[in-house]
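Below is one structure, written out as structure tokens; comments come after it.
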Amino acid sequence: MLELSANIEYMFLDREFVDRIDAVAELDVPAFEFGVWLEHDLPTIAERTRRYGLTVANISVDPKIRLLDSDESAALAGAVRATCDTARQLGCTQLGLLVEEVKHEPGRPWFDYQRSDGERDERRRQRDNIVRALKSVAPIAEGAGMLLLVECLNTLVDHADYFIASWQEGVSIAREVDSPALGLTFDAYHHQVNEGNLISSLTQDIDLVHHIHIADVPGRHEPGTGEINYLNLLRAAKRAGYSGYLGLECVPTKADVGAALAPIRQIVDQVNRED
Ligand SMILES: [Mn+2]
């Protein structure tokens, strides 16, 4: 079963943060999600979540910790513990985790940094630091009954210097960490921008995918406004065994968000009805 989850950092921005939960309920979307939580009124969020019978599908480990060149694993452990505690208050079981950015030279694409032996070794060392840090915190999440989900971001439009820019690198990191509490978020928007090849990428490693983010390319607007065929992508995800939330991480093109989301709701309903 696929279910939509509205990211309230992307939509209903004309309302106060906690009032966006009301908007989710008004549209009859079953879940919502957001990233950073430190600044928010958590008791009110928890109360409204319960009042409307919603699910908090995902929050993020916050703040972003430096892992590549310095050992801040103690700070990461503290952030993971605190996020597990917050997630428990909200009835949420999935924690998004971003690694940091590396300082690339302006205009030089990330893959160019594999050219020389020295740069390849540098990236390898940074990657190994990420693996080591994730191995150290995965047991914390596992003990709390939570999933830590690492996300790959695009480097061509939105996050020029983000470290995990390739899905295969994310997969290889997750495989090496090898913990039942460590998985990946597949963000179809980021993936389409950087790589394309959505259906093969998603289905080949579907066992690692515990959350999917959706938006269309270009513009990061609602599905149906761009080049991604969500009917075929979501059908493939379901057939490969994915069951879970589809986080709407998109900026609606219409003031009437319900109208903007009508096409993707129709697709989700159709896929859910299929065998
Ligand atoms: Mn995302």
Handout entry: Test: residue in the range 165-182 that is away from the ligand (no atom under 12 Å from the Cβ), within 20 Å of S60 (Cα to Cα), in a loop (DSSP other than H, G, I, E, B) and modelled with pLDDT under 95
Key = yes
Problem - Flag for K103 being at pLDDT below 85, within 16 Å of the ligand (Cβ to nearest atom) and either in contact with a Phe, Trp or Tyr (Cβ under 7 Å, 6 or more places away or on another chain) or closer than 30 Å to D216 by Cα (or both) - result: no
Handout entry: Criterion: in contact with a Leu (Cβ under 8 Å, 6 or more places away or on another chain) and either at positive phi or of a type in the set (S, T, Y) (or both) - qualifying residue of Y10, Y52
Key = Y10
Exercise for the section: From S116, S136, grab the single residue that is loosely packed, with under 12 Cβ neighbours inside 10 Å and of a type outside the set (F, W, Y). Expected result: S116
Practice task
Show the residue pairs that are 6+ apart or on different chains and have beta-carbon atoms under 8 Å apart, the first residue being within the range 236-249 and farther than 22 Å from T225 by Cβ, the second being within 16 Å of the ligand (Cβ to nearest atom) and not in a loop (DSSP other than H, G, I, E, B).
Solution key: A240/L202; Y242/L202; Y242/V209; Y242/I212; G244/H210; G244/H211; G244/I212
Fill in the blank from the handout: Within the range 1-19, residues in contact (Cβ under 8 Å) with a residue 12 or more places away in the chain and either more than 30 Å from R235 (Cβ to Cβ) or in a loop (DSSP other than H, G, I, E, B) (or both) come out as M1, I8, E9, Y10, M11, F12, F17, V18
Exercise for the section: For E249, state whether it is touching a strand residue (DSSP E or B) at 6+ places or on another chain (Cβ under 7 Å) and among the acidic types (D, E). Expected result: yes
Practice task
Report yes if G226 is surrounded by fewer than 20 Cβ atoms within 10 Å (Cβ to Cβ) and either within 16 Å of the ligand (Cβ to nearest atom) or in a helix (DSSP H, G or I) (or both), otherwise no.
Solution key: yes
Fill in the blank from the handout: Residue set R81, R48, R15; condition surrounded by 13 or more Cβ atoms within 10 Å (Cβ to Cβ), within 24 Å of G143 (Cβ to Cβ), modelled with pLDDT of 95 or more and away from the ligand (no atom under 16 Å from the Cβ); output residue R81
Exercise for the section: Could you check, for the range 53-72, whether at least one of its residues is in contact (Cβ under 8 Å) with a residue 12 or more places away in the chain and assigned to a helix (DSSP H, G or I)? Expected result: no
Practice task
Among the residues of the range 183-196, write down those that are assigned to a helix (DSSP H, G or I) and either small (G, A, S) or more than 16 Å from the ligand (Cβ to nearest atom) (or both).
Solution key: A188
Problem - Where M146 falls short, out of the listed (1) closer than 16 Å to I206 by Cα; (2) more than 16 Å from the ligand (Cβ to nearest atom) - result: (1)
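The values are calculated or read from the model by the stated rules, or taken from the named source; none is laboratory data. Not measured: the values here are computed from a predicted model. Neighbour counts are summed over all protein chains in view; Cβ atoms, including those assigned to glycine, are modelled from backbone coordinates with ideal geometry.
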